[in-house]
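The values are calculated or read from the model by the stated rules, or taken from the named source; none is laboratory data. Not measured: the values here are computed from a predicted model. Positions of Cβ are generated from backbone atoms using ideal geometry, with glycine treated the same way; all protein chains shown enter the neighbour counts.
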Amino acid sequence: MSVHRTRERVLALYPFTRGVSFTLFDAPLSLLDWGTCRVGAGEKNARSLAAAQRLLDRHQPDVLVLEAYVGNSIRRRQRIARLNQLIRNYADGQSIDVRIFERSDICMTFEPLGAGTRYEIARAIASRVPVLARRLPPVRKAWMSQDSRMTLFNAPSPQCR
């Protein structure tokens, strides 16, 4: 007997320097799973790609959402951009619909909510997805490094500023 899903299962991945964060939705604002797959030192792309492949194989999404890594405005490391392309290639090979969003698209989506900074967007997401609200770190001070929990909010909405 086969199971037919009536909703699109959407997996958003956010590769970052220490691994990959993900969020899985089966409907808007209906979060099924979330987390961060951390990788150790050495061969980070290979380990991060393997983690992304496991997530794609386990959750079998209809759609994979990634951040665009092109253009002069992107300040991402080349390693992360290459990892993003490797993940996209794997998803294409698995016949998963891949949707790429630029930061400007994300910013425009959250602009009506008065959210322009990464933290404001994270707060807007947390207010609409209550299970993530307790994961929202406190506001970062200028001398503090970014809290690792912020990558959870970058998966559904890559940073704008």
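Can PHE153 be described as out of contact with any Phe, Trp or Tyr (no Cβ under 8 Å at 6 or more places or on another chain) and in contact (Cβ under 8 Å) with a residue 40 or more places away in the chain?
On the way: out of contact with any Phe, Trp or Tyr (no Cβ under 8 Å at 6 or more places or on another chain): yes; in contact (Cβ under 8 Å) with a residue 40 or more places away in the chain: no.
In short, no.
Evaluate the range 16-23: report whether one residue or more is within 14 Å of the chain's Cα centre (by Cα), polar (S, T, N, Q), at pLDDT below 90 and more than 22 Å from ARG128 (Cβ to Cβ).
Scanning the range 16-23, I find at least one residue that is within 14 Å of the chain's Cα centre (by Cα), polar (S, T, N, Q), at pLDDT below 90 and more than 22 Å from ARG128 (Cβ to Cβ), so the answer is yes.
Got a sec? Which helices (runs of 4 or more DSSP H) wholly within the range 94-161 have at least 3 residues that are exposed (fewer than 14 other Cβ atoms within 10 Å of the Cβ) and at pLDDT 80 or above? Talk me through it step by step, then tell me what you get.
Values: elements: 103-110, 118-128, 130-133, 150-154.
Of the helices (runs of 4 or more DSSP H) lying wholly inside the range 94-161, those with at least 3 residues that are exposed (fewer than 14 other Cβ atoms within 10 Å of the Cβ) and at pLDDT 80 or above span 130-133.
Which residues, counting only those in the range 30-58, are closer than 19 Å to ILE100 by Cα and either hydroxyl-bearing (Ser, Thr, Tyr) or surrounded by fewer than 18 Cβ atoms within 10 Å (Cβ to Cβ) (or both)?
Our first condition is that a residue be closer than 19 Å to ILE100 by Cα; within the range 30-58, this holds for 48-49, 52-53, 55-56.
Within the range 30-58, SER48, GLN53 qualify.
Take the conditions in contact (Cβ under 8 Å) with a residue 12 or more places away in the chain, farther than 13 Å from PHE16 by Cα and in a helix (DSSP H, G or I) and apply them to LEU32. Does it pass?
Against the criterion (in contact (Cβ under 8 Å) with a residue 12 or more places away in the chain, farther than 13 Å from PHE16 by Cα and in a helix (DSSP H, G or I)), LEU32 does not qualify.
Test each condition in (1) more than 15 Å from the chain's Cα centre (by Cα); (2) touching a residue at least 60 places away in the same chain (Cβ under 8 Å) for SER148 and report the one that comes out false.
(1)
Could you list, ordered by first residue, the pairs with Cβ atoms under 6 Å in which the first is in the range 77-104 and farther than 14 Å from VAL65 by Cα and the second is assigned to a strand (DSSP E or B) and at pLDDT 95 or above, at least 6 apart or interchain?
No pair meets every condition.
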